[in-house]
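To start, the structure under review is shown below, and the notes come after it.
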Amino acid sequence: MTKRNATLYLTLIFSLLTLVIAWYIASFLTRPPDSASFDGSRAYADVITQVQMGSRTPGSTGHVQIREWMRAELQSAGWVVEIHQTERLGQPIYNVIAKRNNESPQIILGAHYDTRLFADNDPNIENHSLPVPGANDGASGVALLLELARTLPEDTIPVWLVFFDAEDNGRIPGWDWILGSRAFVEEIPVNPQAVVIVDMIGDIDLNIHLEKNSDPTIRAEIWETAERLGYGNVFINSENIAC
Ligand SMILES: [Zn+2]
């Protein structure tokens, strides 16, 4: 081998090696995230995104904006989105339903995406006529469901994610509590084995007490699973005597 040939040969080897290393780094950087791992920081970012939309009270700009944002997030995670549009007490209702196929759901996971018209429980009386920001009461449940949409394995039993509308305006003239979920139950003909509704699950010191209106068997199963996974300090095994 002449000196010139040796130089060419070495240059070729070096170029190929560089290409292989570059391909390896590129494939590592563009690797999709582990679909099975729930990312709390991504869910938290979804809470911030919602709060930045302003209040999401029915009929507001934020209410339209959050619906379109949820639809885009769900579709990019591979879910089919349908709007269950109806009305109760003269109020328009837009429940957002996400499904992966046409099978009837065996489990429904739900949260409400609207926020309350008035912060009438705020310690500061000056806030009572303002809408609630809905970071914990509204956005936290939506964020959990969206992150589940991204991370639930594809081969689960049929699951629907339902984002209920018009849930939080009880004790306000012209409204009532849980209008959206009641309309869903009355108008959507499904018969799941279990329905789990989440709301106000974003507290900095989170205590989820046993929910007294829930099915005792499903409730026990969830709290036992949480205990087994090491979350017994969050899922408190007693009803909240304060409410
Ligand atoms: Zn709520």
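The values are calculated or read from the model by the stated rules, or taken from the named source; none is laboratory data. Keep in mind that this is a model prediction, so the values were computed, not measured. FYI the Cβ positions are ideal-geometry reconstructions off the backbone, even for glycines, and counts take in every protein chain you see. Keep in mind that these areas ignore ligands, DNA and RNA; they rest on the heavy atoms of the full protein, side chains included. Shrake-Rupley method; radii C 1.70, N 1.55, O 1.52, S 1.80 Å.
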Rg/Rh ratio calculated on Cα atoms of region 28-202 (Kirkwood radius): 0.98
Nitroxide proxy distance, nm - points 7 Å out along Cα→Cβ at Ile48 and Ile204: 1.6
Long-range amide H partners of Thr115 with built H, under 5 Å: Arg56, Thr57
Estimated FRET transfer efficiency (Asn237, Thr61; beta-carbon r; R0 30 Å; 0.05): 0.10
Sulfur and carbon atoms: percent of accessible area, region 29-146 [1.4 Å]: 54
For region 102-151, the fraction of alpha-carbon pairs in successive 10 Å shells from zero, as %: 24, 37, 23, 13, 4
